[in-house]
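The values are calculated or read from the model by the stated rules, or taken from the named source; none is laboratory data. None of these values were measured; they are calculated from a predicted model. Because the Cβ atoms are built from the backbone with ideal geometry, glycine has one as well, and the counts that use them run over all protein chains shown.
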């Protein structure tokens, strides 16, 4: 059978299996095993255990559970509420300071936790009731938090970037740096829209702010500054040549646990057990998907599907940007139904040869891919962040949350367009800090 036709069968079968309700990792293993047995015979199964466990034989993978522990220890405390309160107190005299506080808190908490749902939950519990109490429209209150939570997979340290780096054998350090400027750009776009929509509502009282004394402003800083210092320390250790990403993640996880115990009195063994238990569950899930995706990639390569697609793309007389447009549409659709980690691990073996053949930078593409995944987090039918917000504020309808988040989707699309016009937004900082990529 022609490899391209076979690839279409593989894609169709994968969609059917995943929509049947099985887990992503198990679904990938079922599809991979089935096609290998049919086209390569039973002997091909002898290699599967070696491929499955060999994919996990990578020291860089240690950074995933460490960063997850780092985020879980922060999410289990009042750090999110304190961060929100600190920003509210310091930005109280800025017009529209409350909505800016929410988005700023989302950005900072996302950088500390690396988790979009955790960011939505931690900041939303404080931010949404406070904004609604002051008269902000429900759509702005819910949509801004839902969108701000998506920053967790873009602003470093990001588990999604680590997974992309491992799947494509790309420098994780460069990927982290590549997400900084686009992440800040998204925060600025989100803030600009929130302020505009608030001003457009015509209610000037929404821009009114409260007053806090200098004592009230400074007394809350000791609770949040240690976490911010950890982020800066992690980035310094990584880019200052002090430690590898995995070693840095381990130190960061330990320090976050210690700060949670010292500042937030997280001494109860049951609370610590919950942090480690939940971190282990999430880590095992991600690592199982990585291992299964390794088998899936082997199947695609063994049946010459990946090579044939890359060759076919190379022979097309199509403008590279038209091709990139189709890739973005594919990523958007995939992000509507699957979690970011699954999309990256499934799509990377196919997309990487395509984008490199078309002349695009893999580091730049990682940022574009991640923003596409962010859109999926606030878009139906899955839209995980929408359901997290609905759980926090059940009296706000899912439709209202969705309509409130749509303008932020437009901001993300604008960010992708800006990255296409100015790719240096993603590539300049990695090149400036680590030197030009060879």
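Criterion first (buried (at least 19 other Cβ atoms within 10 Å of the Cβ) and touching a residue at least 60 places away in the same chain (Cβ under 8 Å)) does residue 355 satisfy it? The answer is no for residue 355. Number of residues in segment 303-333 that are at pLDDT below 80 and either closer than 23 Å to residue 163 by Cβ or touching a strand residue (DSSP E or B) at 6+ places or on another chain (Cβ under 9 Å) (or both) equals 4. Report yes if some residue within segment 54-77 is surrounded by fewer than 18 Cβ atoms within 10 Å (Cβ to Cβ), in contact with a helix residue (DSSP H, G or I) (Cβ under 8 Å, 6 or more places away or on another chain) and not in a helix (DSSP H, G or I); otherwise report no. Yes; the residues of segment 54-77 include at least one that is surrounded by fewer than 18 Cβ atoms within 10 Å (Cβ to Cβ), in contact with a helix residue (DSSP H, G or I) (Cβ under 8 Å, 6 or more places away or on another chain) and not in a helix (DSSP H, G or I).
Considering only residues in segment 28-43 that are in contact (Cβ under 8 Å) with a residue 60 or more places away in the chain and within 21 Å of residue 288 (Cβ to Cβ), the one that is nearest to the chain's Cα centre (by Cα) turns out to be 28.
One line per residue, one yes/no per condition, for (1) over 22 Å from residue 7 (Cα atoms); (2) surrounded by fewer than 14 Cβ atoms within 10 Å (Cβ to Cβ); (3) free of Cβ contacts under 8 Å to residues at least 40 places away in the same chain:
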{"site": "235", "(1), (2), (3)": "yes, no, no"}
{"site": "252", "(1), (2), (3)": "yes, no, no"}
{"site": "260", "(1), (2), (3)": "yes, no, no"}
{"site": "264", "(1), (2), (3)": "yes, no, no"}
{"site": "280", "(1), (2), (3)": "yes, no, no"}
{"site": "295", "(1), (2), (3)": "no, no, no"}
{"site": "299", "(1), (2), (3)": "no, no, no"}
{"site": "302", "(1), (2), (3)": "no, no, no"}
{"site": "311", "(1), (2), (3)": "no, no, yes"}
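So for segment 133-152 (the condition being crowded, with 19+ Cβ neighbours inside 10 Å, modelled with pLDDT under 80 and under 16 Å from the mean Cα position of the chain (by Cα)), does at least one residue qualify? Yes, segment 133-152 contains a residue that is crowded, with 19+ Cβ neighbours inside 10 Å, modelled with pLDDT under 80 and under 16 Å from the mean Cα position of the chain (by Cα). Among the residues of segment 412-438, those identified as closer than 15 Å to residue 362 by Cα, without any contact (Cβ under 8 Å) to a residue 40 or more places away in the chain and in a helix (DSSP H, G or I) are 424, 431.
With the structure loaded, tell me whether residue 25 is buried (at least 20 other Cβ atoms within 10 Å of the Cβ) and either touching a residue at least 60 places away in the same chain (Cβ under 8 Å) or over 24 Å from residue 3 (Cβ atoms) (or both) or whether it fails that test. Against the criterion (buried (at least 20 other Cβ atoms within 10 Å of the Cβ) and either touching a residue at least 60 places away in the same chain (Cβ under 8 Å) or over 24 Å from residue 3 (Cβ atoms) (or both)), residue 25 qualifies.
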